[in-house]
């Protein structure tokens, strides 16, 4: 069992330029698709885009002040099930900080290896184990992110998806609230409304409301 998370108030979000690092990566992705680059090269670019999103999400989400995760000396981003993306995230966050703490990346290869961290990216390959994973993280202020289909419907916080050759995202507002996270209204305005949850055990109602 994990120790109980803190229950105090929320850090006030800091105002930052909106996802500026993502814009350049999106241009790279669109340019690569238009020019017919090799699939391996496009995968690398897509990973760079997703890594940029993951890093920038840390600027627009606030975590509970007294949580053990917030009091830790490092701000940890976990990646479950995708070493290539983990490498891209490591390259993106190298030398950077979030919430005033140095960013580090931790890799997990199986759900039973996962420990709570401030951000956790879950690869689409882990989709069948999503209910088990989200149950494992229940009660912890973890910003879960995934490119698995219907991720927010299962109770994840941010789902990434491709639309018109661009990486976009949707936010499960009630999932964020249940985790004790405060999402900036600026980020919400950039997101697509999330669909209603598909899992009865995850709770009912639509996450798409603003």
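Nothing in this text is a laboratory measurement; each read-out follows from the coordinates by a stated rule. No experiment lies behind these values; they were computed from the predicted model shown. Cβ atoms come from the backbone with ideal geometry, glycine included; neighbour counts cover every protein chain shown.
Report Rg (one decimal) and Dmax (nearest whole number) for the range 57-128, counting Cα atoms only, units Å.
Taking only Cα atoms of the range 57-128, I get Rg and Dmax of 12.3, 35 Å.
Between residue 40 and residue 96, what FRET efficiency comes out of the Förster formula 1/(1 + (r/R0)^6) with R0 = 30 Å and r the beta carbon distance, rounded to 0.05? Intermediate values should be presented prior to the final figure.
Values: r = 27 Å, r/R0 = 0.89.
Plugging the Cβ-Cβ distance into 1/(1 + (r/R0)^6) gives 0.65.
Output the Cα-based Rg and Dmax of the range 87-168 in Å, rounding Rg to one decimal and Dmax to a whole number.
13.3, 36
Distances over 29 Å make up what percent of all Cα-Cα pairs in the range 20-198?
Details: 2224 of 15931 pairs.
Everything past 29 Å amounts to 14 percent.
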